[in-house]
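Shown next, in C-alpha cells, is the structure this report addresses.
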Amino acid sequence: MEKLTVEHVSKIYNTPNGSLLAVKDVSFTVEEGEFVVIVGNSGCGKTSLLNMIGGLEEKTEGSIRVSGQEVTGPGPDRGMVFQGYSLFPWLTVQKNVEFGLKMRGIDAKTRAETARKYVSLVGLEGFADTLPDALSGGMKQRAAIARTLANAPEILLMDEPFGALDAQTRIVMQELLARVSRETGSTVLFITHDIDEAILLGTRILVMSRRPGTVQKILPVSLPGKRDHTALTSPEFLALKREIMDLLWTEQVL
Amino acid sequence: MKTAAKPFNLTRSLPAISFLVIATAWCVITYGGLVGPLFVPSPTAVLEKIFSGLKDGSLLTHCWASTRRVMIGWFFSALAALPGGMLMARSKKFTALLQPLIEFVRYLPVVALVPLTILYLGIGETQKYMVIWLGTFFQLVLMVCDTVSSVDRNYLNAARTLGADRWQLYKEVIFPASLPGLLDDFRLTIGWAWTYLVVAEMVASSEGLGYIILKSQRFLATDTIFMGLILIGLIGLLTDFLLRMLTRLLVPWYKRLGDT
Ligand SMILES: Nc1ncnc2c1ncn2[C@@H]1O[C@H](COP(=O)(O)OP(=O)(O)OP(=O)(O)O)[C@@H](O)[C@H]1O
Ligand SMILES: [Mg+2]
C-alpha cells in the first residue's frame, strides 16, 4: 500500500535576489513499512522537500498525499525529526516524549505509560526525568526520536537526524534506528548526505541532483546478511556506494 | 569531623564591596566637611530621618503608598501588554494595526500627559496608576512582542508536527519558551515604573516616596530627599531580587550566559 505519494512537486522561494527554484518536479512514492532514504549534496533541496511533506512549507506546485489524503498543513500523521535539536528545554525527557499525546488529548496515565515505553525503546530509561540540557547530543536525538515515535505517526520524516553526531555515536544511532523501525514496523523517509548511512538504513535510495533538486535515480538496496558495520565492506555495499558516488560526483564536475 | 571553612567567594562579595565604597566616600565627604549638608547630608542625618519616620509609622505609609501605586499601575500594563505583545508577535495584521500607534505614543513624554490624565481621570488614585501605566505599557508591549518573536522556530515546527493546534501552540510552547525573556522584561519595566513614581505623585497626593521627595525640594530638605531616594533604591533592589528568585523557581531549565 502506498503511504506517501509525491507527484510533480516543485518549490520556488521568493528571495530579495529574485526567485529561487529549490525543488523541481519531484515524484516518488513510499510504500507502507518501507525505509526510503534521500541523498543529495548540501543545498539541493532535501530539507525543502521534507518540510513540504511535513506541511511546514507551502509547495509551489504538485501534489503530496499521505494515505491518499492531500497534505495541507502539519499534522500528527507525519512525525518529524529535525536537522537540529528541537526538544523543548523546559520539559523533561519523559514530558517531551508525552508532548504529542498530550496535544491529542490522551489522558495522563496512558500518556505516561506510552512515553515510558518509548523512552526505554531508545535506551534512555535512567534519564526520563532529566532536562534536555543535561543530555549529550546523541541522547537528545534519541529522545527526539522517541517523542516522534510515541505519537504513532503513519510516516516518520527524518532530516539528517544524526548529522551533528560523531562517527561512533552515529553508528550506534543508526543501528538503534534500524532496530526500532523494524520493531515498530514504521514507514520512514530519511534524509542524509552520508552515503554509508543511506545504504545501511535504506530499503530504497533516492538520489537527488544539485539545485534545483530533481530525482536523479531511485536505487533498491539488497544487501545479503546483517546490516551493521560489517556490511560496510561487503562487495555489494561497495558497488552500490560507488554507483551513488558517481551519480553525486559526476554531476559536480559538469 | 571539622567542616572546612567556606572559601572566600569574590563574586558574591563584590556587591557588598561596591556599596561599602560608596558609603565610605559618603562618610568622608560629609564628616570630613568637604561638602556642606545642604548639598549632601551626612549618613547620621539621613538615618535619623529614617528612624523617626519608622517610629511614627509615616515612613511605612509612604513606602506602602508608593509600592501599591507602582505595583497596580505596572500590573495593569503587564496584563494588557502580555496578550497584546503575543498577538503582535504572531499576527502581521495585528502588528500593522497597532505598531505605528504604539511607537508614536512611546515617544510622548509622560510628564506632558499628566495634565490630560487629571482632566480625564481626576486627581484620585486612578490617575496615579494611569501615569505609571502610560510610562510602562508602550515599552512593555513591544518588549513582549520582541521576546515572543524570538522563540526558536524549531520548537514551533516540532510542536505543530506533533499535533499542537493554535491555542496549544501558545499555551504549551510559545508561553513557556518565552517565559524567561518575559520575566526579564517584567523586571526591567518594574524598574521603569518606579522612575515614573515621582511623576505620578507630582499632583494631588499626600503620601508616597515621590511625594515626600517633591515636598522636600521646596524646603531644601536634602536629608529627606536622600532618604526617599535610598528607600526607592532599596525597594527596587528587593523587587529585583524577588523576581530573580521567581525566575529561578519558574524556569529552572533556563541557563543564562554568566550563570554558574
Ligand atoms: N526559507 C527559504 N528562503 C529562501 N531560500 C531558501 C529557504 N530555505 C531554503 N532555501 C534555499 O533552497 C535551497 C535548498 O535548501 P535546503 O535547505 O532544502 O537544502 P538541503 O538539501 O536540505 O541542504 P543541507 O544538506 O545543507 O541541509 C538552498 O539553496 C537554500 O538556500
Ligand atoms: Mg537540510
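Taken together, the values in this text are just the output of simple stated rules run on the coordinates, not laboratory data. These numbers were taken from a predicted model, which means no experiment stands behind them. A quick note on method: Cβ atoms are made from the backbone with ideal geometry, for glycine too, and the neighbour counts reach across all protein chains shown.
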Checklist outcome for this item: Spelling it out for A:Val23: with amide H atoms placed in the peptide plane at 1.01 Å from N, the residues 5 or more places away or on another chain with amide H under 5 Å from its amide H are A:Lys11, A:Gly213
Next on the checklist: In chain A, once you exclude exposed GluC sites (Glu not before Pro) (DSSP loop, at most 16 other Cβ within 10 angstrom), what's the longest stretch remaining?
Outcome noted: A:59-254
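How would you classify chain A from its alpha-carbon gyration tensor, with a ≥ b ≥ c the square roots of the eigenvalues: rounded for a/c under 1.5, else prolate if a/b is greater than b/c, otherwise oblate?
Values: a/c = 1.74, a/b = 1.28, b/c = 1.36.
It is oblate, given that a/c is not under 1.5 and a/b is not larger than b/c.
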Checklist outcome for this item: Shielding of B:8-20 by other chains, given as the mean Cβ count within 10 Å, works out to 0
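DSSP loop trypsin sites (Lys or Arg not before Pro) in segment A:18-110 with at most 14 other Cβ atoms within 10 Å of their Cβ, which ones? Please report the intermediate quantities before stating the final value.
Working: sites: A:Lys24, A:Lys46, A:Lys59, A:Arg65, A:Arg78, A:Lys95, A:Lys102, A:Arg104, A:Lys109; in loops: A:Lys59, A:Arg104.
When the trypsin sites (Lys or Arg not before Pro) of segment A:18-110 are filtered for loop state and at most 14 Cβ neighbours within 10 Å, nothing remains.
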Checklist entry - If only Cα atoms are counted, what is the Rg of segment B:20-145, and what is its Dmax, in Å? => result 21.2, 64
Item to check | Residues B:Ser216, B:Ser58 arranged by fewest to most Cβ contacts within 10 Å | outcome: B:Ser58, B:Ser216
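For peptide A:66-78, what's the mean number of Cβ atoms from other chains within 10 Å of each residue's Cβ? It would help to have the intermediate numbers written out before the result.
Details: counts 0, 0, 0, 0, 0, 0, 0, 2, 9, 4, 5, 2, 1.
Across A:66-78, the average partner-chain Cβ count within 10 Å equals 2.
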Checklist outcome for this item: The distance between the Cα centres of segment B:151-169 and segment A:67-102, in whole Å, is 8
Next on the checklist: Given 37 °C and 0.692 mPa s, compute D for segment B:131-176 with the Stokes-Einstein relation, Rh being the Kirkwood radius over Cα pairs; round to the nearest whole µm²/s.
Outcome noted: 276
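Which whole number gives the average count of other chain Cβ atoms within 10 Å of the Cβ atoms across peptide B:167-174?
Working: counts 0, 5, 1, 0, 0, 6, 4, 0.
Partner-chain Cβ atoms within 10 Å, mean over residues of B:167-174: 2.
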Checklist entry - Where a ≥ b ≥ c are the square roots of the eigenvalues of the C-alpha gyration tensor, would you call chain B rounded, which needs a/c under 1.5, or, failing that, prolate if a/b is larger than b/c, or oblate? => result oblate
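What shape does segment B:2-65 take by its C-alpha gyration tensor, where a ≥ b ≥ c are the square roots of the eigenvalues and a/c under 1.5 counts as rounded, a/b above b/c as prolate, and the rest as oblate?
On the way: a/c = 3.09, a/b = 1.44, b/c = 2.15.
Verdict is oblate for segment B:2-65.
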Next on the checklist: Between helix B:125-149 and chain B, what is the angle of the helix's C-alpha long axis to the longest principal axis, kept within 0 to 90° and rounded to the nearest 10?
Outcome noted: 50
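So which trypsin sites (Lys or Arg not before Pro) in segment B:1-94 end up in coil per DSSP with only 16 or fewer other C-beta atoms within 10 Å?
Values: sites: B:Lys2, B:Arg12, B:Lys49, B:Lys55, B:Arg68, B:Arg69, B:Arg90, B:Lys92, B:Lys93; in loops: B:Lys2.
The qualifying sites are B:Lys2.
Which trypsin sites (Lys or Arg not before Pro) from segment A:168-239 combine a DSSP loop assignment with at most 14 other Cβ atoms within 10 Å?
A:Lys226
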Checklist entry - If one takes the longest principal axis of the Cα atoms in chain B, at what angle in degrees, from 0 to 90 and to the nearest 10, does the Cα axis of helix B:110-121 lie? => result 80
Next on the checklist: With loop defined by DSSP as not H, G, I, E or B, and exposure as at most 15 other Cβ atoms within 10 Å, which is the longest segment of chain B clear of exposed chymotrypsin sites (Phe, Trp or Tyr not before Pro)?
Outcome noted: B:108-260
Checklist outcome for this item: Cβ-Cβ cut-off under 15 Å around B:Glu125, Lys and Arg +1, Asp and Glu -1: the net charge is +1
Item to check | Solvent-free Debye scattering, log10 I(q)/I(0), computed from the Cα coordinates of segment B:187-260 at q = 0.12, 0.16 Å⁻¹ | outcome: -0.45, -0.66
